[in-house]
1. At what distance in nm do the modelled label points of residue 44 and residue 174 sit from each other, each positioned 7 Å from its Cα along Cα→Cβ?
2. If the reach is capped at under 27 angstrom between alpha carbons, list the lysines near residue 191, excluding any in the same chain fewer than eight residues apart.
3. Quick one: if you stick a label point 7 Å off each Cα along the C-beta vector at residue 83 and residue 257, how many nm between them?
4. Mind grabbing the base-10 log of I(q)/I(0) for the chain at q = 0.10 Å⁻¹? Debye formula, identical points on the C-alpha positions, no solvent, two decimal places.
5. Could you estimate the translational diffusion coefficient of the stretch 80-162 from the Stokes-Einstein equation, with Rh from the Kirkwood formula over C-alpha pairs, at 20 °C and 1.002 mPa s, in whole µm²/s?
6. Work out, step by step, the length gained on full extension between residue 20 and residue 193: first 0.36 nm times the residue separation, then minus their alpha carbon distance; give nm to one decimal.
7. Working from the pairwise distances between different alpha carbons, so that the mean of 1/r is found and then inverted, what is the stretch 149-260's Kirkwood radius in Å?
8. Under the Karplus relation 6.51 cos²θ - 1.76 cosθ + 1.60, θ = phi - 60°, what is the ordered set of whole-Hz ³J(HN,Hα) values for the stretch 49-55, x standing for Gly and Pro?
Amino acid sequence: MRTEHLRYDEVLINYQTAPVVPAPYAYYYTMRITPAEGGGIQLQFDMKYLDREELDEDEIIGEGFTLNDDFSWQGNLPQVWVSELNSILTHSQYVQEAEENELEEFIEVVMTQQGDAESGSPEDKETWAYFLQELMQAIFEAAGRENQFEMEYLRINSQKETSISLNASFVNKTFSIQLDKQPREQMDWKKLEEVMGTVFKAEFMSDQATETRPTHEGTYITTGDGLWYKLGEAVLNPTPKSKVLPQIENLFDKLERRVAV
């Protein structure tokens, strides 16, 4: 099978959070991407948080950050990212001067081939923002800054206990599911987007969660932070009229039926 190569000699991506995002959350990063020897991509990533000099130490630490969260990493990502990059670069439309919007992040892409560079801002920022979030997660995972994504959904009633465990590697773009003690089954990567988009619409109350694995009747989720959240107590609908909790239960019911066949 022929190995796909990156369509450009170099791809430079500049990203900055939307102007409305305040410190200590605001940041800027660059990704310099080139073909790697033997396949895959080589990547230089440099990330810097912005405007923190206006805050005192307690404000920064109180928001869950440290006093030095700037981060740089250089390394390789596997072949799957060549295909992902080629696809989004090829299918995107670009504008030379993006219209400024306080609510939108800044994204600039510079593509260089044989010394000639072309640059622009993607018109479809939503698609690019999600793509870059996945790519950044892959970088953090490859650098050992974050673990692979893990989630477990646990349902306990008087009849039985059912566990649905999810695992995703952003480095390799693989997503798998395990029902109770059955063999792990590979899932389509795009299913992960549905899972995360559904579950994380809910409001998670860490002060209502527990560190020990539940044994009492109920439905629970743990998202890799070491805490167990009970639906209806520590996992809540974001608004009184929203129906996120039933959507979460319905999602995992469907996943259970799919792997139980």
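Rule-based calculations on the coordinates, nothing more; no lab input. Just so we're clear, the structure is a prediction, and the values are computed from it rather than from any experiment. All Cβ positions, glycine included, derive from the backbone under ideal geometry; neighbour counts span all protein chains shown.
1. So the two model labels end up 3.1 nm from each other.
2. Within the straight-line limit of under 27 Å, residue 191 reaches these lysines: 125, 160, 173, 181, 201, 230, 241, 243, 254.
3. 3.0
4. -0.64
5. 133
6. Details: separation 173, 0.36 × 173 = 62.28 nm, distance 2.54 nm.
The residue 20-residue 193 span can extend by a further 59.7 nm.
7. Values: mean 1/r = 0.0692 Å⁻¹.
Kirkwood hydrodynamic radius for the stretch 149-260: 14.4 Å.
8. My calculation for the stretch 49-55 gives 7, 10, 6, 6, 5, 7, 10 Hz in order.
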